[in-house]
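Notes for the one structure printed next.
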Amino acid sequence: MKYTEHQKNEKSFRSLTGFSHEHFMSLLPIFEQAHNEYLTHYDMNGNYRNGQRSFTIYKNSPLPTIAERLFFILVYLKNNPLQEYHAACFNMDQKHCNSFIHVLHRILEQCLHNADVMPAETQKEFGKLLKEQTSEATLPILLHDGTEREIPRPVDWDQQQENYSGKKKKHTLKNAVIITSCCLILFVSPSVCGKMHDKKIADTMYSFPYACRLYQDTGYQGYRPEGVLIFQPMKKPRGRELTQEEKDYNKNISSFRVRVEHVIGSVKRMRIVKDECRLRANNFVQRIFRTCAAMHNFKIKIKPWVYEN
């Protein structure tokens, strides 16, 4: 499989990488800069070089160009194949495939940082991004929700119990995401065990240092941080039905809140965060959701989504 064989077939290219060729070409120069900078200081195993040197790709490399290397890592993240299969597709052995996956993922992370699309992971970073969204005229509109993704069943019994999600009937990790009304992801929480409730993640892992309007689902019942105007569907009271006005209110909120579901779906087009992720080294499973969220942000910044009011 070669980048040059698929670059002119837009449908095939998007299916393989999750990117249009236009988005790919926009990302390529940023990736090239991060690639050359990283491999000037580190080798392919992630070990620090004693002396700096300009990096060149060997002629006999199975990935002889920067474009081929970006194509390689995007295809892996989009399709989540077995490494043996992915290695065969790119004419290399599994050992080298594994090395390329880990080093190119680190380079892709740095590339997305350089492109200023990486969502916040800490409260301090989130506060800085939220301040940029805040203006004197109007309160920023935010939406938040949690999402789960499957992982292999842990060997340790205690970890099995901790990571088992009764909702999904699988062993999972969970992340909370906070987005803007324009579907840009501002915050991705650290990965936690799948059984942790969305509200507990919100209570313990993030807060809103500036006033805003926040849309949420009924899973966050009782979550009302100070200074935040909450919009949440009304639950049906016990023993009676909702009035027509209450149903219309719920419908209006849900039709707006669906944007966060669309964003999570966009991130999970990368099957590495939809299907079971088998990589364990270098904290890969915990880091990968944030990387895929940043790739969503990159596409949104180039071509924003438009919703009818």
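Quick note: the coordinates plus some simple rules give every number you see, no bench work behind them. If you're wondering where the values come from, they're calculated on a predicted model, not measured in any experiment. With ideal geometry, Cβ positions are generated from the backbone for all residues, glycine too; neighbour counts draw on all protein chains shown.
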Say each of Asn98 and Arg224 gets a label point 7 Å from the Cα, pointing the same way as Cα to Cβ; how far apart are those two points in nm? 5.3 nm
Can you sort Arg49, Arg290 by how many other beta carbons sit within 10 Å, fewest first? Arg49, Arg290
Taking all pairs of different Cα atoms in the chain, averaging 1/r and flipping that mean, what Kirkwood radius in angstroms comes out? 21.2 Å
With everything on Cα atoms, drop me the angle between helix 284-302 and the longest principal axis of the chain, reported from 0 to 90° to the nearest 10. 80 degrees
Magnitude of the Cβ-charge dipole of region 1-125, K/R +1 and D/E -1, about the Cα centre, nearest 20 debye? 260 debye
Quick one: which of 34-45, 66-77 comes out on top by average Cβ neighbours within 10 Å, and what's the full order, highest first? 66-77, 34-45
7 Å from Cα along Cα→Cβ at both Glu125 and His113: what's the point-to-point distance in nm? 0.9 nm
Table column - 3J(HN,Hα) (Hz), region 4-10, Karplus curve with 6.51, -1.76, 1.60, x for Gly and Pro: 5, 7, 10, 5, 8, 9, 4
For q = 0.19, 0.21 Å⁻¹, what log10 I(q)/I(0) does region 3-114 give under the Debye formula with an equal point scatterer on each alpha carbon and no solvent? -1.04, -1.26
What is the helix-to-structure angle for 123-133, meaning the angle in degrees between its Cα long axis and the longest Cα principal axis of the chain, kept from 0 to 90 and rounded to the nearest 10? 70 degrees
In straight Cα distance, which aspartates and glutamates are under 17 Å from Lys131, not counting same-chain residues fewer than 8 positions off? Asp116, Glu121, Glu226
Residue exposure sequence - Lys128, Lys174 - by fewest surrounding Cβ within 10 Å: Lys128, Lys174
With +1 on the Cβ of every Lys and Arg and -1 on the Cβ of every Asp and Glu, and nothing else charged, how large is the dipole of the chain about its Cα centre, in debye rounded to the nearest 20? 540 debye
Selection from Ile272, Leu242, Val258 lying farthest towards where the dipole of region 171-309 points positive, charges on Cβ: Ile272
Based on the alpha-carbon gyration tensor of region 123-302 and its eigenvalue square roots a ≥ b ≥ c, which shape applies: rounded if a/c is under 1.5, prolate if not and a/b is larger than b/c, or oblate? oblate
Please identify, among Ala176, Ala87, Ala281, the residue showing maximal mean-square fluctuation in a Gaussian network model of the chain using a 10 angstrom Cα cutoff. Ala281
Identify which of Ile253, Ile57, Ile178 has the largest mean-square fluctuation in a Gaussian network model of the chain, with springs joining Cα atoms closer than 10 Å. Ile57
Nearest-ten-degree value, helix 244-267 long axis tilted from longest Cα axis of the chain: 10 degrees
Along region 273-279, Karplus-curve 3J(HN,Hα) (6.51, -1.76, 1.60; θ = phi - 60°) to the nearest Hz, with x for Gly and Pro, reads 10, 10, 8, 5, 8, 9, 7
Once you've got the GNM for the chain with C-alpha springs shorter than 10 Å, pick whichever of Ser99, Ser20, Ser61 has the biggest mean-square fluctuation. Ser61
Determine the calculated [θ] at 222 nm for the chain from helices alone, applying -39500 (n - 2.57) to every DSSP H run no shorter than 4 residues and normalising by the residue count; nearest 500 deg cm²/dmol. -15000 deg cm²/dmol
List Tyr215, Tyr220 from most exposed to least, where exposure is judged by having the fewest other Cβ atoms within 10 Å. Tyr220, Tyr215
With the Cα gyration tensor of region 156-257 giving a ≥ b ≥ c as the square roots of its eigenvalues, does the rule (a/c under 1.5 for rounded; else a/b larger than b/c for prolate; else oblate) give rounded, prolate or oblate? oblate
Provide the per-residue ³J(HN,Hα) series for region 153-163, in order, calculated from phi with Karplus coefficients 6.51, -1.76, 1.60 and θ = phi - 60°, each as a whole number of Hz, with x at glycine and proline positions. 4, x, 6, 5, 4, 4, 5, 4, 5, 5, 8
Going highest first, how would you order 161-171, 237-247 by mean Cβ packing within 10 Å? 161-171, 237-247
Under the definition of Cα pairs under 8 Å and six or more residues apart, what whole-number percent is the relative contact order of the chain? 19 percent
Candidate lysines for bridging to Lys174, where Cα separation is under 17 Å - those fewer than 8 sequence places away on the same chain excluded: Lys195, Lys199, Lys200, Lys268, Lys274
